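For reference, the structure is listed below as structure tokens.
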Amino acid sequence: MSPVDLTGNPRKTTGVRPLGPVDIVALQAAVRAIPEAVWDAENVDKPNKLEALDATRHIVFRFIDSGRDWRASHDRPAWPDWRALLEPVMAAAVRDYGYARGVFPRVMLARMRPGGVIHPHVDANPAAKWPHKIHVPLSTNPAVVCFFGGEEHHFPVGEAVEVDNLGPHWVRNTGDTDRVHLIFEYYDADQPDPPWLAPFLMTGAAR
């Protein structure tokens, strides 16, 4: 099946969808306490080593088994220690979707230092086509600007937002403090799979 047939989930935003404020106080405190050595070690071991992310560092808690399919994912070593802090924040952010069986296939912290950039790109792998992509800013500054849905945005701390990851997007931090976001994906396990998925998986094509 041709890649042009791998259409995205029609429930996903094509720009930015505000999801409202969430309580991040406990999570913020825990993130501030992460030693630099832990950030460095987790970043070296991360599964999402993409050129577009440049020097942005990550701590990855959950991740997909394959870039071909969002339905299979796994916990990474840091998840058990962070789960009790992360799950209430994520549950609050996705409350309005109303999914009875929602799944979080990818969960991570992303830390961009002053002067950092995420280069223009799209999330092209098939596993990114279906889940909602959600950000919860934990720390930022007025000079952090991101581009989604054809417009520049500044996302305030504690305000969850779904973003369009299938269109071109980028981020830059020209301020003097770090930008740290909780980033995760979310999908409805009861939503029917897209018609292209089964034929695509049968091809064994590398994507």
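The values are calculated or read from the model by the stated rules, or taken from the named source; none is laboratory data. Just so it is clear, the model here is predicted, and its values are computed rather than measured. Positions of Cβ are backbone-derived with ideal geometry, glycine not excepted, and every protein chain shown enters the neighbour counts. Side chains are part of the model used for accessible areas, which takes the heavy atoms of the whole protein and leaves out ligands, DNA and RNA. Shrake-Rupley method; radii C 1.70, N 1.55, O 1.52, S 1.80 Å.
Data overview
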| quantity | calculated |
| --- | --- |
| Extension gain, D75 back to A26 (0.36 nm per residue minus Cα-Cα distance, nm) | 15.5 nm |
| List E152, E185, ordered by accessible area with a 1.4 Å probe, largest first | E152, E185 |
| Within the accessible area of the range 94-144 (1.4 Å probe), percent carbon and sulfur | 56 percent |
| Of V136, A26, F200, farthest towards positive along the dipole that unit charges on Lys, Arg, Asp, Glu beta carbons give the chain | F200 |
| D (Stokes-Einstein, µm²/s), Kirkwood Cα radius, the range 83-163, 1.002 mPa s at 20 °C | 147 µm²/s |
| Cα centroid separation - the range 64-105 against the range 152-204, whole Å | 13 Å |
| Two-site FRET efficiency, T177 against Y99, from Cβ-Cβ distance with R₀ of 45 Å, rounded to 0.05 | 0.85 |
| Spin-label pair A37/T14, simplified geometry with 7 Å Cα→Cβ offset, distance in nm | 5.1 nm |
| Computed helical MRE - 222 nm, the chain, DSSP H runs ≥ 4 contributing -39500 (n - 2.57), nearest 500 | -5500 deg cm²/dmol |
| Rh by Kirkwood over Cα pairs, then Stokes-Einstein D for the range 4-44 at 0.692 mPa s and 37 °C, µm²/s | 229 µm²/s |
| Computed label-point distance, nm, for sites A198 and T7 using a 7 Å Cα→Cβ extension | 1.8 nm |
| Estimated distance in nm for a label pair at L85 and V157, the labels positioned 7 Å out from Cα along Cα-to-Cβ | 1.5 nm |
| Potential lengthening between H119 and A189 on full extension [0.36 nm per residue; Cα-Cα distance subtracted] | 22.0 nm |
